[in-house]
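> Pasting in a structure now, in structure tokens, and then I'll have a few things to ask.
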């Protein structure tokens with residue numbers, strides 16, 4: 001289905017005239033399939049035959065064709081995340097601006113679902129600092145949580161709030177990423193529904209929404225902090241008009257990014273703000289626009305914290321002993337274990353705990369718990385398997401491809417393995433898939449793969 005003539009009219013405002021025919025033809029081609037490898041899970045990386053490197057992201061790959069990700073155990077193990085290459089530019093920007101950020105930055109991703117930008121930021125942080133990942137829509141928040149669980153990085157905090165609710169907080173972020181809702185022009189090759197839905201009125205409606213979101217979100221950025229703005233659109237209304245208008249209310253300063261000429265990105269400047277566009281006829285990726293700037297001042301005053309904080313207590317020696325039989329303490333160094341009022345166990349760095357204490361005085365947020373105690377009985381959560389806290393040599397349940405797929409369907413089946421009683425990690429080619437509970441005879445076991453994550457087919 002060909003996009004509306006109004007779309008092409010808007011596109012002519014940014015696409016060079018000599019390239020317009022190539023641009024139109026590119027929208028009729030199949031979308032590119034890209035993926036991002038997990039920096040914390042280098043083991044058993046899948047071999048994608050003939051995959052190209054993404055020029056602006058060392059962890060990115062461009063595939064020759066789209067495989068069945070649903071049937072690939074490596075996908076469910078969080079070894080990689082499927083993402084359009086143009087959307088992988090965020091990490092490149094953060095690397096370029098590294099000198100402007102503290103060693104342990106607090107980064108916000110406030111329109112985070114489904115999680116592609118968040119997993120990229122976690123790749124870059126590699127355990128440093130804290131990522132605050134927020135999504136307002138409950139169903140999308142659950143998708144975000146599931147994807148971050150699979151990714152297995154611990155330095156993340158999650159929230160499910162409107163941005164105006166977050167304004168109860170003081171300025172928190174050293175860096176803020178705003179991948180704002182948009183009219184979806186960059187999705188045209190992937191989604192006929194996006195083509196049908198696009199209208200000039202949709203563009204205007206989204207632009208107003210984007211301005212409102214940005215006017216609120218910027219109040220959460222520390223003075224001197226960095227803001228990255230992106231949309232999967234190409235029009236000026238949802239990009240230049242939104243960003244340049246912020247200068248009427250905020251003290252901001254545009255940041256110019258440097259990048260190799262051979263990437264053939266389209267760069268424009270308006271009111272001292274740089275805009276970088278990924279055009280589908282120039283790059284192997286979808287259409288996107290990026291811009292970044294610095295917050296020079298921020299006088300946001302949230303007022304006094306009045307919310308009662310959730311209680312966290314350090315684990316007793318007895319409970320720590322129970323966990324030491326399941327998890328490798330060396331893999332938890334630099335972190336402290338806490339138990340909340342529901343018996344959930346949280347693993348936090350000092351930076352994470354101080355941020356928890358600050359945020360929960362105003363709004364709810366959570367980490368990804370590693371398990372739950374019911375009295376003195378402990379049950380590990382799926383996240384602890386994805387984070388790799390288990391002992392690597394601790395008698396895992398190793399499965400072949402067919403068995404792994406059955407495990408991911410949450411089936412229980414017999415194996416020839418003789419396993420010791422207790423919680424055992426389930427592995428496919430040394431990649432952790434989840435937990436199983438082995439019973440006393442060493443042959444029978446219970447599949448603990450999360451029901452909500454299971455393969456249906």
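> Of all residues being over 20 Å from the mean Cα position of the chain (by Cα) and in contact (Cβ under 8 Å) with a residue 40 or more places away in the chain in the stretch 203-217, which is farthest from residue 293 (Cα to Cα)? Just the residue, please.
Only one residue tops the list, namely 203.
> Quick check on the stretch 83-95. Is at least one of its residues farther than 26 Å from residue 224 by Cα and in a helix (DSSP H, G or I)?
The answer is yes, given that some residue of the stretch 83-95 is farther than 26 Å from residue 224 by Cα and in a helix (DSSP H, G or I).
> Quick one: residue 66 ticks every box in (1) crowded, with 22+ Cβ neighbours inside 10 Å; (2) modelled with pLDDT under 95 bar one, so which box is it?
Of the numbered conditions (1) crowded, with 22+ Cβ neighbours inside 10 Å; (2) modelled with pLDDT under 95, the odd one out for residue 66 is (1).
> Within the stretch 43-57, can one find any residue that is at positive phi and either buried (at least 18 other Cβ atoms within 10 Å of the Cβ) or without any contact (Cβ under 8 Å) to a residue 40 or more places away in the chain (or both)?
yes
> Would the stretch 130-141 turn up any residue that is buried (at least 22 other Cβ atoms within 10 Å of the Cβ) and in a helix (DSSP H, G or I)?
There is no residue in the stretch 130-141 that is buried (at least 22 other Cβ atoms within 10 Å of the Cβ) and in a helix (DSSP H, G or I).
> Same structure again: Within the stretch 163-196, restricting attention to residues that are under 15 Å from residue 209 (Cβ atoms) and at pLDDT 95 or above, which residue is surrounded by the most Cβ atoms within 10 Å (Cβ to Cβ)?
Among those that are under 15 Å from residue 209 (Cβ atoms) and at pLDDT 95 or above, it is 183.
> Follow-up. Kindly indicate whether any position in the stretch 328-337 is surrounded by 17 or more Cβ atoms within 10 Å (Cβ to Cβ) and within 26 Å of residue 136 (Cβ to Cβ).
no
> Could I ask something else about it? When you scan the stretch 232-243, do you find a residue that is at pLDDT 95 or above, more than 24 Å from the chain's Cα centre (by Cα), surrounded by fewer than 20 Cβ atoms within 10 Å (Cβ to Cβ) and under 30 Å from residue 302 (Cα atoms), even just one?
So far as the stretch 232-243 goes, yes, one or more of its residues are at pLDDT 95 or above, more than 24 Å from the chain's Cα centre (by Cα), surrounded by fewer than 20 Cβ atoms within 10 Å (Cβ to Cβ) and under 30 Å from residue 302 (Cα atoms).
> Look at the stretch 24-36 and say how many of its residues are farther than 19 Å from residue 89 by Cβ and buried (at least 18 other Cβ atoms within 10 Å of the Cβ).
Within the stretch 24-36, residues that are farther than 19 Å from residue 89 by Cβ and buried (at least 18 other Cβ atoms within 10 Å of the Cβ) number 1.
> Which ones in the stretch 354-381 are in contact with a strand residue (DSSP E or B) (Cβ under 9 Å, 6 or more places away or on another chain), in contact (Cβ under 8 Å) with a residue 60 or more places away in the chain and not in a strand (DSSP E or B)?
Within the stretch 354-381, 355, 356, 359, 363, 364, 365, 367, 368 meet the criteria.
> Would you call residue 79 under 18 Å from the mean Cα position of the chain (by Cα), assigned by TED's automatic domain parsing to the domain that holds residue 227 and farther than 26 Å from residue 225 by Cβ?
So residue 79 fits the description; yes.
> Using the structure shown, decide if residue 332 is outside the structural domain of residue 172 (by TED's automatic domain parsing), at pLDDT 90 or above and within 24 Å of residue 425 (Cβ to Cβ).
Criteria not met by residue 332.
> List the number of the failed condition for residue 24; all other conditions in (1) farther than 20 Å from residue 386 by Cα; (2) without any contact (Cβ under 8 Å) to a residue 40 or more places away in the chain; (3) touching a helix residue (DSSP H, G or I) at 6+ places or on another chain (Cβ under 6 Å) hold.
(3)
> Yes or no: the stretch 273-295 includes at least one residue that is exposed (fewer than 13 other Cβ atoms within 10 Å of the Cβ) and within 20 Å of residue 97 (Cβ to Cβ).
no
> For the stretch 397-457, give me every one of the strands (runs of 3 or more DSSP E) that falls completely inside it and has 2 or more residues that are within 26 Å of residue 143 (Cβ to Cβ).
Hits in the stretch 397-457: 422-428, 431-438.
Residue by residue, here is whether (1) within 29 Å of the chain's Cα centre (by Cα); (2) under 30 Å from residue 309 (Cα atoms) holds:
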| residue | (1), (2) |
| --- | --- |
| 384 | yes, yes |
| 391 | yes, no |
| 406 | yes, no |
| 438 | no, no |
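> Sticking with this structure for a sec: With respect to residue 108, is the statement that it is part of a loop (DSSP other than H, G, I, E, B), crowded, with 23+ Cβ neighbours inside 10 Å and either in contact (Cβ under 8 Å) with a residue 60 or more places away in the chain or in the same structural domain as residue 401 (by TED's automatic domain parsing) (or both) true?
So residue 108 fails the test.
The values are calculated or read from the model by the stated rules, or taken from the named source; none is laboratory data. If you're wondering where the values come from, they're calculated on a predicted model, not measured in any experiment. Don't worry about glycine lacking a Cβ; one is built from the backbone with ideal geometry, like all the others, and counts go over all protein chains shown.
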